[in-house]
Amino acid sequence: MSEIPLSDVPVVAKGMCASWPACKLWNLDYLDSKLDCPLKFRLGKRAVRNIQWETKCPVVFASVSQFRDWTSGCADQRNPLSPYHFESWWAYADYIHMTPGSDVENLKTDLEFPQTFGIVDPSLIPTFWLASSGAYSICHYDTYGINLVVQVSGQKKWTLFPSFDEPNLYSTRLPFEESTVFSQVNFPEPDLSKYPLVFKTSPHCVLLNPGDVLFVPRGWWHFVQSTELSTVTCSVNLWLDEPELDDSCRLREALTQFAAFSLLSNTNLDKNELLHSDENDLYNSGDWSSVLLQNIKDLAGKTQSDIPTRFERKKVKRSNSLWSPVIKCKFEECFSDSVHTQKEPKSKRTKVLDNKAILNAFLKADVLDLVARHLERQFF
């Protein structure tokens with residue numbers, strides 16, 4: 001059994017989970033036999049100069065067998081993925097939580113998080129990811145928790161940035177997704193003329209192959225893409241709470257959500273474009289104000305005595321350890337084939353002060369941190 005590492009930098013354990021049943025069994029035929037319900041696939045173009053925000057991407061519900069046929073070039077007209085040619089588009093079934101009662105829950109028997117890492121908390125829910133070659137998640141960081149990722153099949157490239165790179169990554173909270181801060185940079189093809197500071201970042205790069213495990217510390221930005229060498233990739237992960245740190249972050253995140261909904265409700269901005277689907281559901285419920293207010297009260301009133309101990313982590317030793325630090329790379333080494341440097345006319349790069357810009361300013365972390373500190377001092 002390996003301990004979850006105590007590390008401030010990303011570390012990887014090559015082949016640690018290669019013996020898991022998932023890593024041996026999870027091909028598309030096996031997954032198709034286990035999953036009865038269609039999966040929600042987000043579609044994206046393989047070559048595009050501008051960032052593909054998730055709220056603007058086409059969405060298709062397809063079975064694993066239909067996804068298999070599409071990736072192999074055998075999709076007929078009845079296949080919901082057929083309008084999107086595989087040579088031009090990628091597909092990603094992402095953030096599929098393996099919750100009790102869900103269609104993907106029965107796949108959990110093929111995972112060995114307790115045996116490998118000693119994680120026995122039944123409230124921790126793994127997340128399932130299935131993608132075609134080229135599929136990616138927009139560069140972002142998670143506002144709380146740490147991340148343990150197991151590559152089950154295929155190959156993914158992870159590019160990670162430390163938290164101090166935030167000014168150079170052009171952070172934004174729009175589109176708004178709880179616990180997620182996005183970069184405005186289109187990382188498959190970063191444009192240095194539009195975002196010149198990104199060249200000053202300190203990327204750390206690693207290729208994950210089947211059986212590899214990656215530990216992502218809190219606050220680390222990450223851009224993750226399935227490589228072109230793999231027609232299909234599959235992975236699972238666990239987000240692990242550290243309540244002594246996360247409760248404070250969750251309070252600030254609840255305040256951010258409250259501010260976003262409050263300000264959006266008084267503008268003519270497109271809510272479908274600026275809110276992710278889960279946020280839209282809460283916003284349209286008509287009861288978001290009381291729900292978020294109660295959440296803020298609960299979080300602000302927590303004390304250290306309320307903090308449970310969920311798991312223990314141990315410091316990574318440089319010698320005799322299964323874990324190795326992810327290597328720091330030069331920016332041009334990570335994105336040498338896709339960087340754009342052609343300058344745009346100045347008129348096109350002029351910033352506009354509008355409702356969206358004002359909303360984004362109110363949602364900055366330093367602004368909401370001041371609000372949280374005022375509440376903590378005044379009421380608790």
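Read-outs throughout are calculated quantities, based only on the coordinates presented, and are distinct from any laboratory measurement. Every value quoted in this text rests on a predicted model; they were computed, and no experiment measured them. All Cβ positions, even for glycine, are placed from backbone atoms using ideal geometry, and neighbour counts span all protein chains on display.
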- prompt: Listing THR267, THR127, THR201 from the residue with the fewest other Cβ atoms within 10 Å to the one with the most, what is the order?
  reply: THR267, THR127, THR201
- request: Specify the inter-centroid distance of region 1-30 and region 53-76, based on alpha-carbon positions, in whole Å.
  value: 27
query: Just the projected area, averaged over all directions, of the convex hull on the alpha carbon atoms of region 90-179: how many nm²?
result: 7.7
- prompt: Is the shape of region 200-311 rounded, prolate or oblate, going by the alpha carbon gyration tensor and its root eigenvalues a ≥ b ≥ c, with a/c under 1.5 for rounded and a/b larger than b/c for prolate?
  reply: oblate
- request: Report, largest value first, the span of the C-alpha coordinates of region 57-115 along each principal axis, in whole Å.
  value: 42, 22, 19
- request: For each of PHE215, PHE86, count neighbouring Cβ atoms within 10 Å of the residue's Cβ, then give the residues from fewest to most.
  value: PHE86, PHE215
task: Only Cα pairs under 8 Å and at least 6 apart count here; give the relative contact order of the chain as a rounded whole percent.
output: 24
- prompt: With N residues in region 86-139, what two-decimal value do you get for its Cα radius of gyration over 2.2 N^0.38 Å?
  reply: 1.41
query: If one puts a single equal scatterer on every Cα of the chain and applies the Debye formula without solvent, what log₁₀ I(q)/I(0) results at q = 0.07, 0.09, 0.11 Å⁻¹?
result: -0.33, -0.56, -0.86
statement: When ILE96, ILE146, ILE358 are ranked with the fewest other C-beta atoms within 10 Å first, the list becomes ILE358, ILE96, ILE146
statement: Restricted to pairs 8 or more residues apart or on different chains, the lysines in region 4-242 with C-alpha atoms under 16 Å apart form a number of pairs equal to 8
- line: Neighbours of SER19 by Cβ distance under 15 Å: Lys/Arg at +1, Asp/Glu at -1, summed charge -1
query: Regarding region 125-272, what whole-number volume in Å³ per residue does the convex hull of its Cα atoms give?
result: 131
task: With a/c under 1.5 counting as rounded, go ahead and sort region 1-56 into rounded, prolate or oblate using the C-alpha gyration tensor (a ≥ b ≥ c being the square roots of the eigenvalues; past the cut-off, prolate if a/b is larger than b/c, else oblate).
output: oblate
